[in-house]
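Quick notes on the structure that follows.
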Amino acid sequence: MATAFSFAQTTLFSKTSPSLRTACLRSFTFCLPFSSSSTDLSSDKLHNKKWRQPVASVLELGGVKIAKDDVLRDDPTNNVPDTIFAKLGLQLHRRDQHPLGILKNAIYEYFDTNYSNQFDKFDNLCPIVSVKENFDNVLVPADHVSRSYNDTYYIDSQTVLRCHTSAHQAEILRRGQTHFLVTGDVYRRDSIDSTHYPVFHQMEGVRVFSPQDWEASGTDGTSYAAGDLKKCLEGLARHLFGSVEMRWVDTYFPFTNPSFELEIFFQEKWLEVLGCGVTEQEILRRSGKTDNVAWAFGLGLERLAMVLFDIPDIRLFWSTDERFTSQFLSGQLGIKFKPFSKYPPCYKDVSFWINESFTENNLCEVVREVAGDLAEEVQLIDNFTNKKGMTSHCYRIAYRSMERSLTDDEINKLQWNVRELVQSKLNVVLR
Ligand code: DAH
């Protein structure tokens, strides 16, 4: 599971390529998955070609065209596979008939109604950001695990696919905005199961206060902002879920202090809805807002949409099957998804001796590369170390299409390819 900042589940300013600033990263690299841990890059690359699915050759991201030729540039730090490249620019959150677009619009409606259209909305910012924007600007510590190649997709050593919409906070604050919402696709290397997918969508909200806002209230700026934040987000939760029971849980985020999570009691369970807090003063100071106080929140759209629309598997959001897409209507948050049919899963095990650089995220990347959305779950089912100190892992892979029955032959081929790639890319020894 990704170990970024949050719970369940995630421009362009490379030091080495200043021209990228203006052009939303004209040249970046997508080539060798896991090259950070791979030893034989050349054979890896050759091998890799065989399994790549064709992807669009020119993308439009945040109004900027990016050619695939610009993208396919060798860089030893690049760990973005074609399967992820293929998701860039799809922008599910901008489709009004899609559950994620419907949810985004419902949240917009809440803010527009309650704050007289004061919140500016950004939903088309380029997901390719600098390491500085993604991490440094929001005070993510230098040794934070979310910075690792195992957790984040690096285009080169200074450029990543944003792993959270917080990556845009500082820049927008610097431009002088005081009320804004940022929605976008975010990317995290991750495990495979029904609630994790390496691309998902977040919305970030920020509100800045001036001294006159809190002075009249008789409290300090931080308490005032925290109170306002909680009121705002409780209202949002009621707007989305109706009159539900809620609770606040203290937590930690690098960018806020104090930091909270909001949970709601929904369908007999406590559900984490979002993370938030009072923005660290250092972020405001660097944006030229020394005298101000601000709050910020971040929420995962899939997580909420799965509950609100009864969507049982996160892969469905990417489905182009009409039996899925035709079930949702613009502006209608209450519609419950009716599964069209459940096709049987097929389980296959793979066992191997791991090495020092083995990680589960790397394995999952291989599985996704071979099986794409046919991979439903990858689960460690056995783990032992022998007398010589060698450690063996056995993983069970569940293959299932949400759209059709898979044939034995098809699954056997997928499994065979997984076994081959696991050996060649992860340098593990099959048992
Ligand atoms: N960026 C966080 C994540 O991806 C979510 C988040 C938490 C955003 C708290 C915020 C915040 O702005 O204040 O896990």
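Which value, in debye to the nearest 20, gives the size of the charge dipole of segment 346-430 about its Cα centre, when Lys and Arg are +1 and Asp and Glu are -1 at the Cβ?
For this selection, approximately 340 debye.
Indicate the gyration tensor shape class of segment 58-326 (rounded, prolate or oblate), computed on the Cα atoms with a ≥ b ≥ c the square roots of the eigenvalues: a/c under 1.5 is rounded; otherwise a/b larger than b/c is prolate and the rest oblate.
oblate
Let's see if you can work this out: charge +1 on each Lys and Arg Cβ, -1 on each Asp and Glu Cβ, no other charges. What is the dipole magnitude of segment 58-326 about its Cα centre, in debye to the nearest 20?
Here segment 58-326 has a charge dipole of around 340 debye.
Please give the calculated 222 nm ellipticity per residue for the chain, where each DSSP H segment of at least 4 residues contributes -39500 (n - 2.57) and the sum is spread over every residue; nearest 500 deg cm²/dmol?
-8000 deg cm²/dmol
With r as the distance between the Cβ atoms of Asn117 and Arg174 and R0 = 25 Å, compute the FRET efficiency 1/(1 + (r/R0)^6) and round to 0.05.
E between Arg174 and Asn117, to the nearest 0.05, is 0.65.
Quick one: of Lys87/Lys121; Lys104/Lys269; Lys104/Lys425, which pairs are farther than 32 Å apart, Cα to Cα?
Lys104/Lys425
Using +1 at the Cβ of each Lys and Arg and -1 at the Cβ of each Asp and Glu in segment 346-430, identify which of Thr407, Ile397, Phe352 lies farthest towards the dipole's positive end.
Phe352
Counting pairs of alpha carbon atoms under 8 Å apart in space and at least six apart in sequence, what relative contact order in percent does segment 58-326 give?
Once divided by the residue count of segment 58-326, the mean separation gives 18 percent.
Taking the alpha-carbon distance from Lys342 and a cut-off under 16 Å, which aspartates and glutamates remain once sequence neighbours fewer than 8 residues away in the same chain are dropped?
Cα-Cα hits under 16 Å: Asp310, Asp313, Asp321, Glu322, Asp373, Glu376, Glu377, Glu403.
Roughly how big is segment 135-210's charge dipole about its Cα centre, with Cβ charges of +1 (Lys, Arg) and -1 (Asp, Glu), in debye to the nearest 20?
So the magnitude is around 280 debye.
Given a cut-off of under 8 Å on Cα pairs at least six residues apart, what relative contact order in percent is computed for segment 346-430?
Reported relative contact order: 43 percent.
Among Val199, Thr159, Pro76, whose Cα lies farthest out toward the positive end of the dipole of segment 58-326, if unit charges sit on the beta carbon of Lys, Arg (+1) and Asp, Glu (-1)?
Among Val199, Thr159, Pro76, the one farthest towards the positive end of the dipole of segment 58-326 is Thr159.
Multiply the residue separation of Asp213 and Tyr343 by 0.36 nm, subtract the distance between their alpha-carbon atoms, and state the gained length in nm to one decimal.
41.1 nm
Want the number for Arg396 to Gln267: 0.36 nm per residue separation, take away the alpha-carbon distance, what's left?
That pair, Arg396 and Gln267, stretches by 43.5 nm at full extension.
No lab work stands behind these numbers, since they all come straight from the coordinates. Keep in mind that this is a model prediction, so the values were computed, not measured. As a convention, Cβ positions derive from the backbone with ideal geometry for all residues, glycine included, and neighbour counts pool all protein chains shown.
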